[in-house]
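**Q** Sharing a structure here in structure tokens format.
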Amino acid sequence: MELNELEKRQLFQVEGDCQTKVLDELYFTARYTSDPEQRNAVQNLLTKLRALSEKECMDLVKDVQKNYQLPYPPRTIGEMIAEARQRSGAEKLKGHDIMGLERFDPDVHHMIICEVLSHQSTIGSKGDRMRLFLTDEGYQKALDNQEQGHLKIKNHAKVKFGRLYYDRRDRTL
């Protein structure tokens, strides 16, 4: 599929981990941008992506995010985050986005990054790496799932007013 420069730039900084999330994010970008050139590019991109299967769409997104280079230094927060993710080679985690609204919920006190180990897990599919923002009750359920061998918690942080306080900073994810 042939994409122009503006379309590639939009895909470079999109955060979704499935076709539906990618399309939703692009839809809201088109709806709320004040730049008519950007709106047209995103609407054209939406038309192209809707015609693809889930796998084809996500393969295209991953390829752009891995190989695309901005023709200038990053200007927006989305571009800076995308460039940092590309430089680090970090894979996208499923579950909650790092800046998702769940993080700022006053009842949320824990953030975990975990790997799903079995098909019996209530979250995700076997092999998924996930980020989740959890209440105390949700965190206890995650610990119970880990004890039963359904998932492995790789990292934990306490969450207070949206700020993350990691238990250990030296862990490799």
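Where a number appears in this text, it was derived from the coordinates with a stated rule and is not lab data. As the structure is a prediction and not an experimental result, all values here were calculated from the model. Backbone-built Cβ (ideal geometry, glycine too); neighbour counts: all protein chains shown.
**Q** What ³J(HN,Hα) values, in whole Hz, does the Karplus curve 6.51 cos²θ - 1.76 cosθ + 1.60 give for region 104-116 when θ = phi - 60°, with x put for Gly and Pro?
**A** Along region 104-116, the couplings run 9, 5, x, 7, 7, 10, 9, 10, 10, 10, 9, 10, 7 Hz.
**Q** Something else: What spacing in nm lies between the two simple spin-label points modelled at Ser34 and Tyr165, each 7 Å away from Cα in the Cβ direction?
**A** According to this spin-label approximation, the distance is 3.9 nm.
**Q** Net charge near Asp128, counting Lys/Arg +1 and Asp/Glu -1 over other residues with Cβ under 10 Å of its Cβ?
**A** With Lys, Arg at +1 and Asp, Glu at -1, the neighbours total +1.
**Q** Please report the Cα spread of the chain along all three principal axes, rounded to whole Å, starting with the longest.
**A** Principal-axis extents of the chain (Cα, largest first): 50, 33, 28 Å.
**Q** A further question on this structure: Past 27 Å, Cα to Cα, is the threshold; run Lys21/Lys126; Lys55/Lys158; Lys21/Lys48; Lys55/Lys94; Lys48/Lys92 against it and keep the listed order.
**A** From the list (Lys21/Lys126; Lys55/Lys158; Lys21/Lys48; Lys55/Lys94; Lys48/Lys92), the Cα-Cα distance tops 27 Å for Lys55/Lys158.
**Q** So, one more: As a test of the definition: which semi-axes, in Å, follow for region 5-88 when you take the square root of five times each eigenvalue of its alpha carbon gyration tensor? Largest first, please.
**A** One finds semi-axes of 18, 17, 11 Å for region 5-88.
**Q** So, R0 is 41 Å and r is the distance between the beta-carbons of Lys158 and Ser118; what FRET efficiency does that work out to, to 0.05?
**A** The formula returns an efficiency of 0.95 here.
**Q** Please turn the phi angles of region 13-23 into ³J(HN,Hα) values with the Karplus equation 6.51 cos²θ - 1.76 cosθ + 1.60 (θ = phi - 60°), one per residue in order, whole Hz, x for glycine and proline.
**A** Karplus-based 3J(HN,Hα) across region 13-23 equals 9, 6, 10, x, 10, 8, 4, 4, 5, 4, 5 Hz.
**Q** While we're here: Any chance you could give the angle, 0 to 90 degrees and rounded to 10, that helix 36-50 forms with the longest Cα principal axis of the chain?
**A** Approximately 70 degrees, to the nearest 10.
**Q** Given R₀ = 25 Å, FRET efficiency for Asp59-Asp24 by Cβ-Cβ distance, to 0.05?
**A** 0.85
**Q** Hey, fewest Cβ within 10 Å first, where do Cys18, Cys114 land in order?
**A** Cys18, Cys114
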